[in-house]
Structures are given as structure tokens and as C-alpha cells.
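Participant: Dropping a structure here in C-alpha cells format, bear with me for questions.
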Amino acid sequence: MKNINGYEIISLFEQFSPKAYAIEGDKIGLQVGDLSRPIKRVMIALDVLDEVVEEAISQKVDLIIAHHPPIFRSLSKITLDNPSGKIMHKLIKHDISVYAAHTNLDVAKGGVNDLLSDALGLQETQVLVPTYEDKLKKLVVYVPTDQAEQVKKAIGDAGAGAIGNYSHCVFSTEGIGEFQPLEGAEPYIGAVNKLEHVDEVKIESVYAASKEKKIIRAMLKAHPYEEVAYDIYDLQIKGEQLGLGRIGKVEETTLREFANHVKKVFEVDGVRVVGNLDAKVKKVAVLGGDGNKYYSHALMKGADVYITGDMYYHIAHDAQAVGLNIIDPGHNVEKVMKMGVTKVLTKMCKDNGYEVEIFPSVIHTDPFTFIE
């Protein structure tokens with residue numbers, strides 16, 4: 001197992017939740033600390049509150065990966081007589097770095113909105129609000145015939161050649177490679193100052209731009225040549241649409257029954273509901289966090305009910321007027337990301353031989369309490 005620093009673990013995390021997925025202007029990335037330091041313990045948190053920082057200190061955490069950025073609004077000062085300054089002081093004093101993944105984690109496949117829709121049991125899910133197109137590119141690389149299969153496998157395992165329900169899709173063309181190693185070269189095939197001809201295979205494979213770094217690294221590692229000849233092309237073909245929220249189907253039920261289901265799966269003491277409790281529910285939209293401005297997307301896509309947090313009074317009236325039912329279980333249901341990210345990142349670290357412990361925060365950060 002390999003000891004790692006912050007850059008290495010964040011590089012791995014960003015393969016799952018790339019920064020490019022974030023909504024423009026979102027406060028994401030490293031917010032406190034130094035990623036060059038060794039990382040042994042990582043805590044996954046929804047919010048970075050004083051209680052969460054105390055938990056991190058007691059657990060000897062080196063890095064917090066949080067969904068909600070602790071520095072979301074500009075800080076005018078950092079002093080010990082205000083809550084934000086107190087938190088920043090503790091983090092810096094105890095060498096705890098904080099990295100925020102906000103809307104990029106909402107958008108990511110397997111991120112917040114997928115975790116919410118999975119918990120609800122939604123089927124045949126689609127993106128509710130498209131915000132990002134994962135553009136398609138093509139990699140073309142020239143490989144000696146004997147090593148072609150190992151390069152194909154390496155780039156396929158890294159994500160190249162994924163088309164619909166197929167993986168490792170490539171097109172190969174045989175040909176002759178010609179080159180002359182110069183002084184200082186250490187050629188895998190041939191000799192310095194001698195023109196060489198080699199049986200080679202031209203490998204072509206399409207890939208999603210978000211996976212480019214991983215694919216190129218895998219290709220270079222598997223390729224035998226000292227200097228690898230390869231090309232990258234932008235394609236005009238539409239890539240996969242990613243975005244905020246999900247919409248899917250459930251077995252027919254009533255709004256009342258589904259509201260109770262929401263309450264149960266998200267372990268909340270209560271939910272706010274807009275609409276006729278006896279209304280039929282078959283198509284469900286969900287969007288983690290504050291989804292007020294996206295209710296029209298749920299309506300246009302035929303949702304019977306829209307699940308989101310922080311619903312405003314007048315927006316609720318607007319939704320009610322057009323016949324869209326609403327269930328508001330609160331913003332804090334995004335806590336599903338704590339265990340979800342822990343599982344994903346733990347597996348990624350294990351697969352890469354990284355020696356690091358990753359665990360979720362156990363602090364309850366919902367500021368609201370229901371009184372019956």
C-alpha cells in the first residue's frame with residue numbers, strides 16, 4: 001500500500017466528481033489548508049460547522065471533503081469573535097484541509113442526486129436539468145503489433161471506447177511505423193542513428209472528455225515506446241448530457257403514501273407537502289438542496305411530484321396553481337452523500353493501492369427540529 005498526499009487523493013476524487021461539472025461561479029475546490037501534506041485520515045461531511053471541526057480534531061483527520069463549502073460567501077475578516085473565524089482558526093491550527101465539492105457532486109454520476117433517486121427507488125431515471133455535456137473525443141495511437149492488445153485493454157479499462165451498453169470499443173488498422181532514434185534516445189525497438197521500420201497497429205477509440213487524463217495516463221503507462229505518437233480529435237457527435245436533479249418512475253401510489261415513504265427513507269421527522277394528498281403519483285422528480293428555481297423543469301417533464309428542499313412560500317403557490325405536487329423533506333437530506341462518497345472513494349483508493357482511511361462524519365447538522 002502507498003502513502004499519499006492531498007493532491008493524489010483529490011486527483012482521484014475528481015475522476016468521480018470533476019470540477020468541470022460545477023455550475024459557473026460555484027465555490028468549489030480547496031478552501032482551507034495544504035494538499036501537499038501527507039493524508040492518512042479523510043472525513044466526508046455535508047457541512048463544516050464548529051461541531052464537525054471538533055469531530056475532525058478528535059478523529060485526527062487530515063482532510064475534510066465537504067459538500068457545502070464553508071467559505072460560500074466572502075469573508076471580511078477571520079477573527080475569533082465570530083463563528084466563521086473560529087472555524088477557520090481551528091482548521092488551520094490543527095492542520096486540517098477542507099476541499100468542497102458542491103454542484104459538481106450534485107451533477108456527477110453516482111453523486112448526490114443519483115444517491116437521492118436511488119434511496120427513493122426511482123426507476124428509468126433521467127437528468128432533470130441538463131447543465132453539462134461530456135463532450136466526445138477520439139484517441140488515435142500507434143503501437144507495435146505485439147503490444148497492441150495491452151494498450152487496448154489499458155485505455156478500455158480507463159474508460160475509452162464506452163458506447164451505449166458496450167465498452168472497450170476500438171478500431172484497429174495495421175501498418176508500418178518508421179522512425180530513426182537520435183543521440184540520447186533509448187529506443188525500445190531499433191538502434192541510434194539507424195532508420196527503423198516496425199509492424200504497428202493504429203488504434204482509434206472514442207472517449208468522454210472528462211476521462212481524458214485517466215485514459216492518457218493509462219495509455220502512456222501501457223505503451224512500450226519512449227516517445228509515444230498519438231493524436232486527439234474533438235468530435236462533433238453529441239456527448240452525454242449531465243445535470244442537476246433526476247426524474248424517474250415509481251409504482252403508482254398516492255401523494256400521502258409517497259410523502260411517508262420520503263420521510264422514512266431520508267430519516268426525517270417531517271416533510272412539507274403541497275397538493276392533494278390523494279393525488280396519484282407515478283413519475284417523480286428530485287433535486288437535492290434548494291430547488292425552487294427548477295420546479296418548472298419537473299412540470300415540463302411530466303412529474304407528478306417534485307421533491308426538493310427549502311421550498312419558498314410563493315413558489316409553492318405557483319406550483320400548486322399549475323398542478324405540480326411538492327414534497328419538501330429539507331435541505332439536509334443531502335446527507336446521503338456522506339456514506340455515498342465514502343464508499344466510492346474508499347473503493348477508488350483500494351483499487352489504486354492507496355493507504356488511507358475514509359469515513360463519514362456522524363454529526364447531525366440539520367438546524368431544524370419538528371415539534372409534534
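Participant: Out of the residues in the stretch 83-109 that are polar (S, T, N, Q) and touching a Leu at 6+ places or on another chain (Cβ under 9 Å), which is nearest to Ser210 (Cα to Cα)?
Facilitator: Across the stretch 83-109, the extreme among qualifying residues is Thr103.
Participant: Let me ask another. Considering every residue within the stretch 230-242, establish whether at least one is at pLDDT 95 or above and buried (at least 19 other Cβ atoms within 10 Å of the Cβ).
Facilitator: Within the stretch 230-242, one or more residues are at pLDDT 95 or above and buried (at least 19 other Cβ atoms within 10 Å of the Cβ).
Participant: Scan the stretch 243-276 residue by residue and report those that are open to solvent by less than 70 Å² (accessible area, probe 1.4 Å), in contact with a strand residue (DSSP E or B) (Cβ under 6 Å, 6 or more places away or on another chain), in contact (Cβ under 8 Å) with a residue 60 or more places away in the chain and not hydrophobic (A, V, I, L, M, F, W, C).
Facilitator: Once the filter is applied, which keeps residues that are open to solvent by less than 70 Å² (accessible area, probe 1.4 Å), in contact with a strand residue (DSSP E or B) (Cβ under 6 Å, 6 or more places away or on another chain), in contact (Cβ under 8 Å) with a residue 60 or more places away in the chain and not hydrophobic (A, V, I, L, M, F, W, C), the stretch 243-276 yields Gly243, Gly245, Arg246, Gly248.
Participant: What are the residues in the stretch 134-177 that are crowded, with 16+ Cβ neighbours inside 10 Å and part of a helix (DSSP H, G or I), if any?
Facilitator: Passing the criteria: Gln147, Ala148, Val151, Lys152, Ala154, Ile155, Gly156.
Participant: Go over the candidates Ala191, Ala209, Ala162, Ala185 one by one and state the one that is of a type in the set (Gly, Ala, Ser) and free of Cβ contacts under 8 Å to residues at least 24 places away in the same chain.
Facilitator: The unique qualifying residue is Ala191.
Participant: Follow-up. Just checking, how many residues over the stretch 1-43 are at positive phi and under 16 Å from the mean Cα position of the chain (by Cα)?
Facilitator: Residues meeting the conditions: 1.
Participant: From the residues in the stretch 228-257 that are within 25 Å of the chain's Cα centre (by Cα) and acidic (Asp, Glu), which one is farthest from Leu277 (Cα to Cα)?
Facilitator: Asp234
Participant: Just for the stretch 308-323: of the residues that are under 23 Å from Val112 (Cα atoms) and in contact with a strand residue (DSSP E or B) (Cβ under 8 Å, 6 or more places away or on another chain), which one is surrounded by the fewest Cβ atoms within 10 Å (Cβ to Cβ)?
Facilitator: Residue satisfying both the conditions and the ranking: Asp310.
Participant: Could you say which residue among Ala285, Ala279 is touching a strand residue (DSSP E or B) at 6+ places or on another chain (Cβ under 7 Å), under 16 Å from Asn113 (Cβ atoms) and either of a type outside the set (Val, Ile, Thr) or touching a residue at least 24 places away in the same chain (Cβ under 8 Å) (or both)? First the steps, then the outcome.
Facilitator: Working: Ala279 fails: under 16 Å from Asn113 (Cβ atoms).
Just a single option satisfies the conditions, and that option is Ala285.
Participant: Any idea which of Ala56, Ala101 is in contact with a strand residue (DSSP E or B) (Cβ under 9 Å, 6 or more places away or on another chain) and within 22 Å of Asn3 (Cα to Cα)? Steps first, please.
Facilitator: On the way: Ala101 fails: within 22 Å of Asn3 (Cα to Cα).
Step by step, each of Ala56, Ala101 is checked, and only Ala56 is in contact with a strand residue (DSSP E or B) (Cβ under 9 Å, 6 or more places away or on another chain) and within 22 Å of Asn3 (Cα to Cα).
Participant: Looking only at residues that are of a type in the set (Val, Ile, Thr) and within 30 Å of Gly33 (Cα to Cα) in the stretch 90-130, which one is nearest to the chain's Cα centre (by Cα)? Explain how you work it out, then say what you get.
Facilitator: The initial filter retains those residues of the stretch 90-130 that are of a type in the set (Val, Ile, Thr), namely 92, 96, 98, 103, 107, 112, 125, 127, 129.
Restricting the remaining residues to those that are within 30 Å of Gly33 (Cα to Cα) gives 92, 96, 98, 103, 107, 112.
Details: Ile92: 27, Ile96: 22, Val98: 17, Thr103: 9, Val107: 7, Val112: 8 Å.
Top of the filtered list is Val107.
Participant: Right, another one. Of all the strands (runs of 3 or more DSSP E) wholly in the stretch 232-337, which have at least 2 residues that are within 30 Å of Ile215 (Cβ to Cβ)?
Facilitator: 240-254
Participant: Over 22 Å from Leu242 (Cα atoms), in a loop (DSSP other than H, G, I, E, B) and out of contact with any Phe, Trp or Tyr (no Cβ under 6 Å at 6 or more places or on another chain): which single residue out of Thr346, Thr369 fits that description? Reasoning before the result, please.
Facilitator: Numbers: Thr346 fails: in a loop (DSSP other than H, G, I, E, B).
Unique residue meeting the criteria: Thr369.
Participant: When you check Ile326 against the structure, is it buried (at least 19 other Cβ atoms within 10 Å of the Cβ), in contact (Cβ under 8 Å) with a residue 40 or more places away in the chain and within 18 Å of Leu122 (Cβ to Cβ), yes or no?
Facilitator: Criteria met by Ile326.
Participant: Return the pairs, sorted by first residue and then second, in which the second residue is assigned to a helix (DSSP H, G or I) and surrounded by 15 or more Cβ atoms within 10 Å (Cβ to Cβ), the first residue lies in the stretch 295-321 and is touching a residue at least 40 places away in the same chain (Cβ under 8 Å), the beta carbons are less than 6 Å apart, and the residues are 6+ apart or on different chains.
Facilitator: Correct list of pairs: Ala319/Tyr295.
The values are calculated or read from the model by the stated rules, or taken from the named source; none is laboratory data. A quick note: this is a predicted structure, and the numbers were derived from the prediction, not measured. Cβ atoms come from the backbone with ideal geometry, glycine included; neighbour counts cover every protein chain shown. These area figures cover heavy atoms from the full protein model, side chains too; ligands, DNA and RNA do not enter into them. Shrake-Rupley method; radii C 1.70, N 1.55, O 1.52, S 1.80 Å.
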